[in-house]
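Only one structure is covered here, and it is reproduced in the block below.
The values are calculated or read from the model by the stated rules, or taken from the named source; none is laboratory data. All values reported here derive from a predicted model rather than from experimental measurement. Neighbour counts are summed over all protein chains in view; Cβ atoms, including those assigned to glycine, are modelled from backbone coordinates with ideal geometry.
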Protein chains: 2
Amino acid sequence: MNLEQLDTPAAIIDIARMQHNIDRMQTRMNALGVTFRPHVKTTKCADVVRAQIAAGARGITVSTLKEAEEFFAAGVTDILYAVGMVPAKLPRAMALKKKGCDLKIVVDNMAAASAIVEYGKHVNDTFEVWLEIDTDGHRSGLAPDDDALIAIGHVLQQGGIEVGGVMTHAGSSYELNDHEALAVLAEQERAGCVRAAERLRAAGIACRTVSVGSTPTALAAQHLEGVTEVRAGVYVMFDLVMANVGVCDSSDIALSVLTSVIGHQPEKGWVIVDAGWMAMSRDRGTSKQTRDYGYGLACALDGAPLEGCELVGANQEHGILAVDNRDELAVRFPIGVKLRILPNHACATGAQYPEYHGLSSDGSTVAWPRFHGW
Amino acid sequence: MNLEQLDTPAAIIDIARMQHNIDRMQTRMNALGVTFRPHVKTTKCADVVRAQIAAGARGITVSTLKEAEEFFAAGVTDILYAVGMVPAKLPRAMALKKKGCDLKIVVDNMAAASAIVEYGKHVNDTFEVWLEIDTDGHRSGLAPDDDALIAIGHVLQQGGIEVGGVMTHAGSSYELNDHEALAVLAEQERAGCVRAAERLRAAGIACRTVSVGSTPTALAAQHLEGVTEVRAGVYVMFDLVMANVGVCDSSDIALSVLTSVIGHQPEKGWVIVDAGWMAMSRDRGTSKQTRDYGYGLACALDGAPLEGCELVGANQEHGILAVDNRDELAVRFPIGVKLRILPNHACATGAQYPEYHGLSSDGSTVAWPRFHGW
């Protein structure tokens, strides 16, 4: 099937762009002397993850136990579940470990750490646990200098649990848009995480792995001394938010939504397409950035951005493309013509689809299933 | 399984609230003397739709051909595909009709109408076509007094196509918030659609059905003279957007997201939960309404709204619940405790899940699958 033959809306991955993005990140990680553990929440797609591993990735990061289960079933064993563990999820995680998955779990509080120790005694088995560090105040984690960090490390260690590492995610990098500020944040992320590891080691807790990362900081870091691995997710597709952050160009964006023109409202200057918010997601991540792309950047079928068009609105299955020159609207965009729309946020847009269509340079496509749910 | 036993995040439907919402709408439609054709895009769930039909609904409205296929397979034959048809989708629609589905399709332009006529001649079979009418300028459709309406009707009729009806959707009702304004818009929706039908009939085109609707206008209309059927979708669940519009109370909202507390950031006054934007959707539909609910309204496990809390932020799998009294935060919301969050927009939140869990008044739940994709 080529793009003209696919039903719309559909999620298209430009394979050459994806491979370029994968190679760019892996080359950079190799040069920085760290291993790379991609975050697979972006695509939840085994075909994409195989390409990441083939390029040199070591293990994966997941945001749900379902992702861990699906990718373990697809042959990946080294998995970091990077969302804080709660007691009720321990049996499901342990079931995966019992099957042979090298599943690392994460905590940032004493209650969860104590529960993991108790559970380990109860089932006579343990997890490798990493401590989550907060290096930019945007979400979860313990501050590098928090006394609780050492206290939790000791409780785990004394409970027979291996404290395998520290991890942090400088997600506030998404709010920046110049390289210098990103480099400063990358250094803050690195230094904070290394500091936490050093404090743990000084307290007699081995803490082998020092794991940092977000797509923008991974691409901006000047050095990663003391860091052992980096995690990043959205770099594999990139999106308009990342273009605004300044770490890619719109021509790097590998994910697009294939859509058909289904109507005209010439008096309003609108072309109606069958990519509404169900197809694009409700993510309006560019709304507070330098350039607001509405619900996405409209392109021709060959991927070239269209001038004088803006996807200004979205109902569930209707997108509203406002066009500058309304007199030419019906001629320029006939009923049934297909367009492609670059997404604001590749993780959110991808999640709307049961499958991607991988697009080769010869114009053929292949279906790549993705899963959803928890 | 009860709510304490379910993995989080999970989508919960309070069955008693859902049934109350279904009965409220059906009773009203019966009193107004019209049939009711629910829009199933809200839930995409056969268990919910069975309850709607059991209460008296006649046929369904769908927004994708996948919905038509899935619900036809589940036993529903009278289906309106309420998004403008394009030529490339005709074979898929015809395959459904050939199986016995009474599928009605919609157009608002001559190009699509001509393509349907040509396709009908080509395959020697036809669809019943309805004309889409624009009564509030918010999206698609022909104005009731547009000359093209009659021209398109004639092209269809002369091409051997039955013009079975006119349909409109006053989606701008979502922007209102008082009953009087809604009643005015409902009358505008009714009058415009009836006017279009009368013009078609005067031109010799039968136009049997006059179909209007949106949840707010359906609940605000004072009479529906000349209308034969009403469509509405979100009323079956309701949500915070609808509460702001004023057509339900938050205690009517049947859909909630079950979540667990996974962390604390007491210095910021934050509780971290495992319902991020993947669980809630990125829909921020209340952001420009009277009350901005952030990413949703946090409730206790029994469904009672929590005072002094606001779901102010969301990462992919992390929700940030800001709590007024930060000193009590860890005691009030211990790690692992479960909460429920009412959504801004039930259609968008539901779409994030492969299944709902229908919650009975005895506290037990049953899995209700839903589908996604196109």
| message | I need the full set of residues from the stretch A:35-76 which are touching an Asp or Glu at 6+ places or on another chain (Cβ under 8 Å) and part of a loop (DSSP other than H, G, I, E, B), in order please. | response | A:Arg37, A:Lys44, A:Ala55, A:Arg58, A:Gly59, A:Ser63, A:Thr64
| remark: Restricting attention to the stretch A:77-100, the residues that are in contact with a helix residue (DSSP H, G or I) (Cβ under 7 Å, 6 or more places away or on another chain) and either part of a strand (DSSP E or B) or not basic (Lys, Arg) (or both) number exactly 10
| said: Taking the conditions exactly as written (surrounded by 23 or more Cβ atoms within 10 Å (Cβ to Cβ) and more than 20 Å from the chain's Cα centre (by Cα)), does B:Leu142 satisfy them or not? | reply: yes
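Hey, among A:Arg50, A:Arg92, A:Arg58, which residue is surrounded by fewer than 24 Cβ atoms within 10 Å (Cβ to Cβ) and within 14 Å of chain B (Cβ to nearest Cβ)? Step through it out loud before you land on a result.
Working: A:Arg50 fails: within 14 Å of chain B (Cβ to nearest Cβ); A:Arg58 fails: within 14 Å of chain B (Cβ to nearest Cβ).
After applying the criteria, what remains is A:Arg92.
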| said: If B:Val129 meets every condition in (1) among the β-branched types (Val, Ile, Thr); (2) part of a helix (DSSP H, G or I); (3) closer than 28 Å to B:Ala232 by Cβ apart from one, which number is that one? | reply: (2)
| task | Output the residues belonging to the stretch B:145-183 that are acidic (Asp, Glu) and within 21 Å of the chain's Cα centre (by Cα). | result | B:Glu175, B:Asp178
| query | Considering only residues of the stretch B:75-102 that are among the aliphatic types (A, V, I, L, M) and within 19 Å of the chain's Cα centre (by Cα), which is nearest to B:Ala51 (Cα to Cα)? | reply | B:Val76
| message | Which pairs turn up if I take residues in the stretch A:349-364 that are within 14 Å of another protein chain (Cβ to nearest Cβ) and look for partners that are aromatic (Phe, Trp, Tyr) and not in a loop (DSSP other than H, G, I, E, B) with beta carbon separation below 9 Å, at least 6 apart in sequence or on another chain? | response | A:Gly350/A:Tyr356; A:Gln352/A:Trp277; A:Glu355/A:Trp368; A:Tyr356/A:Trp368; A:His357/A:Trp368
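Filter the stretch A:61-89 down to the residues that are away from every other protein chain (no Cβ under 14 Å) and small (Gly, Ala, Ser), then identify the one that is surrounded by the fewest Cβ atoms within 10 Å (Cβ to Cβ).
Of all residues in the stretch A:61-89, those away from every other protein chain (no Cβ under 14 Å) come to A:71-79.
Now drop any that are not small (Gly, Ala, Ser), which leaves A:73-75.
Values: A:Ala73: 12, A:Ala74: 14, A:Gly75: 10.
The residue in question is A:Gly75.
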| request: Please verify whether the stretch A:329-341 includes one or more residues that are buried (at least 19 other Cβ atoms within 10 Å of the Cβ), facing chain B (nearest Cβ under 10 Å) and either under 25 Å from the mean Cα position of the chain (by Cα) or over 29 Å from A:Gln19 (Cβ atoms) (or both). | output: yes
| note | Residue pairs qualifying under the 7 Å Cβ cut-off, at least six apart or on distinct chains, with the first in the stretch A:97-109 being more than 14 Å from every other protein chain (Cβ to nearest Cβ) and the second being small (Gly, Ala, Ser) and outside any helix (DSSP H, G or I), are A:Lys104/A:Gly164
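Please verify whether B:Ala196 is without any contact (Cβ under 8 Å) to a residue 24 or more places away in the chain and either touching a strand residue (DSSP E or B) at 6+ places or on another chain (Cβ under 7 Å) or farther than 26 Å from B:Pro216 by Cβ (or both), treating the condition exactly as stated. Please lay out each step first, then the result.
Values: without any contact (Cβ under 8 Å) to a residue 24 or more places away in the chain: no; either touching a strand residue (DSSP E or B) at 6+ places or on another chain (Cβ under 7 Å) or farther than 26 Å from B:Pro216 by Cβ (or both): yes.
Spelling it out, it is not the case that B:Ala196 is without any contact (Cβ under 8 Å) to a residue 24 or more places away in the chain and either touching a strand residue (DSSP E or B) at 6+ places or on another chain (Cβ under 7 Å) or farther than 26 Å from B:Pro216 by Cβ (or both).
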| remark: Going through (1) within 26 Å of B:Asn315 (Cα to Cα); (2) modelled with pLDDT of 95 or more; (3) part of a loop (DSSP other than H, G, I, E, B) one by one, A:Lys288 fails only at (2)
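Would you mention how many residues in the stretch B:150-177 are touching a strand residue (DSSP E or B) at 6+ places or on another chain (Cβ under 7 Å), of a type outside the set (D, E, K, R) and either within 23 Å of B:Val230 (Cα to Cα) or assigned to a helix (DSSP H, G or I) (or both)? Don't jump to the end; show me each part of the working.
In the first step, residues of the stretch B:150-177 are kept if they are touching a strand residue (DSSP E or B) at 6+ places or on another chain (Cβ under 7 Å); the result is B:152-153, B:156-157, B:161-168.
Those still in the list that are of a type outside the set (D, E, K, R) too: B:152-153, B:156-157, B:161, B:163-168.
When the remaining residues are screened for being either within 23 Å of B:Val230 (Cα to Cα) or assigned to a helix (DSSP H, G or I) (or both), the result is B:152-153, B:156-157, B:163-168.
Residues in the stretch B:150-177 being touching a strand residue (DSSP E or B) at 6+ places or on another chain (Cβ under 7 Å), of a type outside the set (D, E, K, R) and either within 23 Å of B:Val230 (Cα to Cα) or assigned to a helix (DSSP H, G or I) (or both): 10 in total.
Hand me the list of strands (runs of 3 or more DSSP E) wholly inside the stretch A:303-367 holding 1 or more residues that are farther than 25 Å from A:Cys45 by Cβ, touching a Phe, Trp or Tyr at 6+ places or on another chain (Cβ under 8 Å) and of a type in the set (A, V, I, L, M, F, W, C).
On the way: elements: A:309-314, A:319-323, A:338-342, A:355-359.
Once the strands (runs of 3 or more DSSP E) in the stretch A:303-367 are filtered for at least 1 residues that are farther than 25 Å from A:Cys45 by Cβ, touching a Phe, Trp or Tyr at 6+ places or on another chain (Cβ under 8 Å) and of a type in the set (A, V, I, L, M, F, W, C), what remains is A:309-314, A:319-323.
Can you name the residue in the stretch B:189-208 that is over 21 Å from the mean Cα position of the chain (by Cα) and within 21 Å of B:Asn30 (Cα to Cα) and, of all such residues, is surrounded by the most Cβ atoms within 10 Å (Cβ to Cβ)? Outline the logic, then answer.
Within the stretch B:189-208, the first condition is being over 21 Å from the mean Cα position of the chain (by Cα), and the residues that meet it are B:191-192, B:194-208.
Within this subset, residues satisfying the condition of being within 21 Å of B:Asn30 (Cα to Cα) are B:191, B:194, B:208.
Values: B:Ala191: 16, B:Val194: 21, B:Arg208: 14.
Checking each candidate, the answer is B:Val194.
Checking the conditions here, which among A:Leu156, A:Leu182 is closer than 22 Å to A:Phe36 by Cα and of a type outside the set (S, T, N, Q)? Outline the logic, then answer.
Values: A:Leu156 fails: closer than 22 Å to A:Phe36 by Cα.
Matching residue, one of A:Leu156, A:Leu182: A:Leu182.
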